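Derivation of every value follows stated rules applied to the coordinates shown; laboratory data play no part. Here the structure is a predicted model, which is why all the values come from computation and not from measurement. Don't worry about glycine lacking a Cβ; one is built from the backbone with ideal geometry, like all the others, and counts go over all protein chains shown.
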Amino acid sequence: MVLRASGSEPIPAAVGPDADNVLSLYRRTRAQVALFDVRGGTGSGYDEFVDPAGNVRPAWQELAECVGDRGLAGLERLRAVVRSLVDNDGITYVQVDRHGDAVTDGDGTAAPGPWHLDALPLVVSATDWDVLESGLVQRSRLLDAVLADLYGEQRSITSGVLPARLLFAHPGYLRAVRGIEVPGRHQLFMHGCDVSRNAAGEFLVNADWTQAPSGAGYALADRRVIAHSIPDLYERIGPRPASPWAQALRLALIDAAPESAEEPVVVVLSPGILSETAFDQAYLAGVLGFPLVESADLVVRDGKLWMRSLGTLKRVDVVLRRVDADYADPLDLRKDSRLGVVGLVEVLRRGAVTVVNTLGSGVLESAGLMRFLPELAGLLLDEQPALQTAQTYWGGIDVERSHLLAHLGTLLIRPITGGDPVVGPTLSAAGRDEMAARISADPEQWIGQEVPEFSSAPTDFRPEGLSAGNVGMRLFTVAQRGGYAPMIGGLGYVVASGAAAHRMNTIAAKDIWVRTPARVTATPTPVADPGTPLPAPMTPSPTRAVSSPRVLSDLFWLGRYAERAESTARLLNVTRERYHEFRYRRELPGSECVPVLLSAIGRITGSDTGADGDDAEMVAIAPTTLWSLTADRHRPGALAQSVERLGLAARAVRDQMSNDTWMVLASVERAVLHPRGVPPESQAEGEAYLSAAHSQTLAGMLALSGVAAESMVQDVGWTMMDIGKRIERGVWLTALLRATMTTVRSPGAEQTITESVLVACESSVIYRRRTLGKVSVAALADLVLFDAENPRSLTYQFERLRAGLKALPGSSGSSRPERLVDEIAARLRRVDPDDLEVVTDGTRVEFAELLTGMHSDLRELSRLITSTQLSLPGGMQPLWGPDERRVVP
């Protein structure tokens, strides 16, 4: 077989049947994925990969050879590598419903799902990119001019070019922010643009994203994954890098600060972990080096915006906004918002902070505005758009209304007030009649738009291997002093088939590789008009860490859930081993340890083991119990629940964590978060799952502990995470000892239970070395309660807690948490280990009372810390007081 590029010499394909099979499969599926042309017939569409003669296009030659070399088996391995790297990097998304709310399960949890990434990049030739880049930069300039006009002179309205209703009826237009300007030459800071190619090979704009454009973080993360997945192809093609755009964005954010800011503080404002693109926001914040904050981290005081830190406030100068504008301030905008900052609009009016994209920029996403962009380009720029928009019709113009009504079955129908489009091709005859009546009743309310057209390109995101899929691109620009800088490439995507494609629904992302021109020349960065001096660049203020109560709370619980997952895995593992050891030898005295350990797990987790104290029944249902306590994430205290909540806590502070964290968490989540809700019918399969879940969790938590100790800066956030870990270890230890060691049993049972407890406490080796196998409650207590050199002992936890609380900002040495730690540590020191051996009516009463008191005190310590250092402010505070820079604890 020969792969022929149009206008070039034949290129030899890979030798072997796989190359023929793979590429012929693409050609077969190419016809199947062509979008149905609603104007009649099946449209062939534009093929990015091969020309009409069936020859591979020049830009795709290396990829075709690479795919041919690998064959179908190689593509399957490549898919596995990409999935693994996506998991290891923790790339996720949160599924949302049509209203933008996170989709939750039965218990209200919205867990992030895996990011779907196609292993094959979307290759763009240098010539095509030149067209896209120039058109995209021009479109950004046009939208910038429109935005400045709509909130300024409004020449577009007074000249009659733009009907006033199309502006004032759109929810993106915010009257409250008129007159507020972004410092510098541009009002539109960042622009996202969805582009596809029609059957004639022309690029068309399907949508502009100006409210809070998402996807740039995903684009950068996708490049990292694909470059590591196919390094040989990446090296051969040598696509132009996308990373310089991140540096341009960083410098632009610093440059956007108010003139009064000497060392600007920049933050990225996120709606939170339940946002659909929470990863995108956190990853971009990490790449930029700016803190990711939520509304609870910010507060308005004295006419300025401040970031909360533990016991203090830090002035904020620039906010990269990822919260929709109407949610940004519950005082001046949407009253029910919990995502914004009270008083933010007033701070903007005073010029004390810059918010980008600016509030009100969402009006540029209006379908009605899109209809008049060519006229607006002529009015405001004296130019015509280089990138065309899908043909749009407004019901307020007679001839366009007639076309709209006559072609309802082939158009997307959009209300000018925003909202989901009505997909004409999916309407029944009755539905079209109803829609026509609504349009006729109020024609100025409606916009009709031709359905999007998409080209096709190779994708491996189908089980049959290499096939054709409809593709589009989201491209990005950021404002510079003299123009707009585009990201070289962007976020590609594979579009869903059928009617879902009309709504721009996607099934997978694609990395975009832009070819380097044959002759590379230096391209000057856009500059201001000649003769205009550029101001000296400002230096950003370094932000060592975000230590707001919200961030510290997530880190505190991250420490607790990591320790809880490790401790639960140890106890489940030793219980499972004892069950297999004694299930067929119930007559041995040591077999009593099985129901004791199962009961202990139930008491520690606070969940019923389902046997009502019947030891025989408890042993009989042990496999089901062990499965549930491992895999059921809805069961309180189960391993899966701890792992899931650990992941949620870590993702909430992603910008604080090392990249290695996600590799560790991904392996644990893959092993533990079993997709099935019931145990498998095969006993061997169930046992294999339990073994892998317990061992992988132990390995992962130990690795995570190592990452925290060796890779994280030991600042206040790390300290709070360690405090959470120490509290959880103490709570778990006292609960375990109370459930297993306070009741006297036969010598054989005592020995087995003691050995099991020591294994669960990771202290069995040193215990055997000290006691030479002798079973002694006093020796056990001496090691796991009183030994200050044992990292697993209760005394050791109190020492670390004392040091951690002392290291927190504002520590006085006499705070309530510090006093409580001193009190319970002193009480522990006064205990004689031998006294714990005393038995009354079959119970070691003093031992039980000590453990109960310590357990209760540790829980009270956790409550005190969360209600003081980790508490969020309650109630509305005065906004414009003369001197209110202290955070209320």
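Observations on the structure shown:
- Estimated translational diffusion coefficient (Stokes-Einstein, Kirkwood radius over Cα pairs, 10 °C, 1.306 mPa s) of the chain: 52 µm² per second.
- Karplus-derived 3J(HN,Hα), 6.51/-1.76/1.60, for each residue of the stretch 332-348, Hz, glycine and proline x: 9, 10, 7, 5, 8, 6, 10, 9, x, 10, 4, x, 5, 4, 5, 5, 5
- The dipole here belongs to the chain: it is taken about the Cα centre, uses +1 on the Cβ of Lys and Arg and -1 on the Cβ of Asp and Glu, and is about 960 debye.
- Summary value for the stretch 392-450: 49 percent relative contact order, contacts being C-alpha pairs under 8 angstrom separated by 6+ residues.
- Checking every one of the chymotrypsin sites (Phe, Trp or Tyr not before Pro) in the stretch 418-488 against DSSP loop status and a limit of 11 other Cβ atoms within 10 Å picks out no site at all.
- Estimated vicinal HN-Hα couplings, Hz - the stretch 154-162 in sequence order (Karplus 6.51, -1.76, 1.60; Gly, Pro = x): 6, 4, 4, 7, 5, 7, x, 5, 10
- Rounded to the nearest 20 debye, dipole of the stretch 709-778 from Cβ charges on Lys, Arg, Asp, Glu: 400 debye
- 0 to 90° range, to nearest 10: angle between helix 660-672 axis and the chain longest Cα axis: 70 degrees
- Residue order, fewest to most beta carbons within 10 Å, for 361, 871: 871, 361
- Within-13-Å neighbourhood charge of residue 832 [Cβ basis; K, R +1; D, E -1]: -2
- Under 5 Å between amide hydrogens, built in the peptide plane, is the criterion, and for residue 312 it picks out 887 among residues at least 5 positions away or on other chains.
- For residue 811 and residue 863, a Förster radius of 22 Å and the Cβ-Cβ distance give a FRET efficiency of 0.75, rounded to the nearest 0.05.
- Loop-located GluC sites (Glu not before Pro) in the stretch 114-188 (DSSP state not H, G, I, E or B) with no more than 11 neighbouring Cβ atoms inside 10 Å: 153.
- Structural descriptor for the chain: relative contact order 15 percent, calculated from alpha carbon pairs under 8 angstrom and at least 6 residues apart.
- Sparsely packed loop sites in the stretch 675-730 (the trypsin sites (Lys or Arg not before Pro) outside DSSP H, G, I, E and B with at most 15 other Cβ atoms within 10 Å) comprise 676.
- Lysine pairs in the chain with Cα atoms under 23 Å, if 8 or more residues apart or on separate chains: 4
- Between the amide H of residue 389 and those of 205, distances stay under 5 Å, these residues lying 5 or more places away or on another chain, with hydrogens modeled in the peptide plane.
- Magnitude of the charge dipole, the stretch 549-867, Cβ model with Lys/Arg +1 and Asp/Glu -1, debye to 20: 640 debye
- Using θ = phi - 60° and Karplus 6.51 cos²θ - 1.76 cosθ + 1.60, couplings along the stretch 447-460 (whole Hz; Gly, Pro as x): 10, x, 9, 4, 5, x, 10, 10, 7, 10, 8, x, 9, 9
- Helix 278-288 and the longest principal axis of the C-alpha atoms of the chain enclose an angle of approximately 80°.
- Quotient of the Cα radius of gyration of the stretch 681-727 and 2.2 N^0.38 Å, N being its number of residues: 1.67.
- As a calculated quantity, the FRET efficiency between residue 586 and residue 765 at R0 = 25 Å, using C-beta atoms, amounts to about 0.30.
- Along the axis of the charge dipole computed for the chain (Cβ charges of +1 for Lys and Arg, -1 for Asp and Glu, origin at the Cα centre), the listed residues 727, 293, 218 are led at the positive end by 727.
- Given in Å, the Rg to one decimal and the Dmax to the nearest whole number for the Cα atoms of the stretch 121-262 are 18.8, 58.
- Charge tally around residue 147: other residues with Cβ under 14 Å, Lys/Arg +1 each, Asp/Glu -1 each, net -1.
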